[in-house]
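Step one of this worksheet: look at the structure below.
The values are calculated or read from the model by the stated rules, or taken from the named source; none is laboratory data. The shown structure was predicted, so the numbers you read here are calculated from the model rather than taken from an experiment. Note that we place each Cβ from the backbone using ideal geometry, even for glycine, and neighbour counts take in every protein chain shown.
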Amino acid sequence: MKKTIFTLVTALLFIAHSVFSKESEMPFSQTGFSGQIFIGAGGVTGKSSGLETDPGKVRISGWNQGQKQFTSSFIIAEASLNYAFPTGTTLVAESGTKSGALPAVGISQKAGALGTLGILASMGSWDVWKNPYLLNQDRSKTRQREKSLTLFLENFLETGITMHYTGSWTDVKEDGIAAMHSDLTRRGHTHQIRLGCGLPLRDTLILTPEISYERGLYSGKSNAYQAFGSDLSLTRVMEGWMMTVSLNGIFRNFEKSHPVLGKTREEKEGSAALTLIIPAPMGYEQLTLMVMAGHSRVHASHAFFESRASFAGAGMGYAF
C-alpha cells in the first residue's frame with residue numbers, strides 16, 4: 001500500500017473513531033475496559049515516488065523517468081483497548097490510528113479544567129530500498145525502524161484547544177546509500193508540534209483548524225528538513241449521519257543539496273478527503289459505518305520524489 005494514502009486513510013479512521021466514541025453510549029471515559037475495532041477496505045490508484053517499494057519498481061533506468069500508474073486494493077483493521085480508573089486515569093493500547101500508523105501504548109489523565117494530559121509511546125518498521133537511487137540494477141529492500149513518543153494536552157481550559165508534541169527516532173537497518181554518500185544517511189530524529197482547536201459554528205457545524213511545525217535532524221544533511229503544515233476540517237452533524245470535509249497542506253524544505261540529484265529537495269504536499277459517518281445504523285448503538293474518498297499529491301523540486309494517489313473505501317466500527 002502506498003504510504004501517502006495510508007497516512008491519509010488512518011487519519012480518517014481516527015476521525016471515525018473519535019466521532020463514534022462520542023456517539024456511543026459506552027464512551028472511553030467509563031470506568032473499566034472499553035475499546036473499538038474498525039475494519040475497512042477500498043481501492044487506490046495513482047503514481048508513486050521513486051522511494052516507494054512497489055513490486056513494479058525494483059529496477060529503474062533514470063531518476064527523471066515517468067512514474068508508472070498503479071491500481072491496487074487495501075484492507076485496514078484498526079483497534080484500540082482502554083482501561084479507565086475512577087481517578088480519571090486511562091491506560092491505552094492501540095494498533096496505530098492516533099499514533100500515525102504505528103502500534104502504541106500510553107496513559108492519559110484528566111486534570112480538571114486544565115484538560116486531559118497524556119503520553120503515547122510507539123514503535124514499528126516498514127520496507128525501504130537499501131539504495132533508492134540505484135540505476136539499471138535490481139534494488140533490494142531493507143527495513144526502516146522508528147520509535148516515537150507523543151505528549152498531548154486535549155481540551156485545554158475547556159476551550160477545545162489541543163496540543164501535541166511528538167519526538168521520533170529512526171534508522172535504516174542496511175543503509176546502502178549512506179556508504180556512498182554520507183549526506184544521505186537516514187539515521188536521525190524529528191520533532192513535531194501540532195496545535196488545533198474545535199470551533200462550533202452552530203449546533204450542527206464544527207470547524208477544526210490545525211497548524212504544525214516539524215524539524216527533521218538527520219546525520220545525512222541532505223535528508224534534514226523543516227516542514228510547515230496546516231489542516232482544516234469541517235464537520236456537519238445531522239440526525240442519523242455526519243459528514244466531514246478535510247483539507248491538508250505541508251511544505252518541506254530540505255537543508256542541503258542532494259548529492260545524487262544535484263539540487264536541494266523541496267516538497268509541497270496536499271490532500272483532500274470526504275468522509276460520511278453513520279452512527280448506530282439500523283438502531284445498532286455499538287456500530288458505525290463510514291464511507292470515505294480522497295486524493296493526495298506531492299509536488300517536488302525533482303520528479304523522483306513526486307507522487308499522487310486517489311482512493312475510495314468503506315468500513316464498519318464496533319465499540320465495546
**Message:** Report every pair of residues separated by at least 6 positions or lying on different chains whose Cβ atoms are under 8 Å apart, first residue within segment 122-135 and closer than 19 Å to residue 182 by Cα, second assigned to a loop (DSSP other than H, G, I, E, B) and of a type in the set (D, E, K, R).
**Reply:** 128/186; 129/139; 130/139; 130/174; 130/175; 131/139; 132/139
**Asked** Quick one: is residue 84 crowded, with 18+ Cβ neighbours inside 10 Å, among the aliphatic types (A, V, I, L, M) and under 26 Å from residue 288 (Cβ atoms)?
**Response** yes
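Look at residue 154 and say whether it is part of a strand (DSSP E or B) and at pLDDT below 95. Write out each step before concluding.
Details: part of a strand (DSSP E or B): yes; at pLDDT below 95: yes.
Here the answer is yes, as residue 154 does meet what is asked.
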**Request:** State whether one or more residues within segment 255-262 are of a type in the set (Val, Ile, Thr) and free of Cβ contacts under 8 Å to residues at least 60 places away in the same chain.
**Result:** no
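Among the listed residues 290, 282, identify the single one that is over 18 Å from residue 221 (Cβ atoms), out of contact with any strand residue (DSSP E or B) (no Cβ under 8 Å at 6 or more places or on another chain) and not in a loop (DSSP other than H, G, I, E, B). I'd like the intermediate steps shown before the answer.
Details: 290 fails: out of contact with any strand residue (DSSP E or B) (no Cβ under 8 Å at 6 or more places or on another chain).
The unique qualifying residue is 282.
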**Request:** Report yes if residue 269 is outside any strand (DSSP E or B) and in contact (Cβ under 8 Å) with a residue 40 or more places away in the chain, otherwise no.
**Result:** no
**Prompt:** Given (1) surrounded by fewer than 19 Cβ atoms within 10 Å (Cβ to Cβ); (2) at pLDDT 90 or above; (3) within 27 Å of residue 77 (Cβ to Cβ), where does residue 122 come up short, assuming only one miss?
**Reply:** (1)
**Request:** Considering only segment 201-247, state which residues are over 20 Å from the mean Cα position of the chain (by Cα), assigned to a strand (DSSP E or B) and without any contact (Cβ under 8 Å) to a residue 24 or more places away in the chain.
**Result:** 201, 202
**Asked** Would you say residue 142 is surrounded by 16 or more Cβ atoms within 10 Å (Cβ to Cβ) and either under 22 Å from residue 228 (Cβ atoms) or out of contact with any Phe, Trp or Tyr (no Cβ under 7 Å at 6 or more places or on another chain) (or both)?
**Response** yes
**Message:** Let me spell it out: the conditions are (1) within 25 Å of residue 316 (Cβ to Cβ); (2) touching a residue at least 60 places away in the same chain (Cβ under 8 Å); (3) of a type in the set (Val, Ile, Thr), and residue 71 meets all of them except one. Which number is the exception?
**Reply:** (2)
**Residue identified as surrounded by 20 or more Cβ atoms within 10 Å (Cβ to Cβ) and under 21 Å from residue 46 (Cβ atoms) among 319, 309, 303** = 309
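Identify all residues within segment 102-134 that are among the charged types (D, E, K, R) and not in a loop (DSSP other than H, G, I, E, B); write none if there are none.
Of the residues in segment 102-134, the ones among the charged types (D, E, K, R) are 110, 127, 130.
Hits for segment 102-134 are 110, 127.
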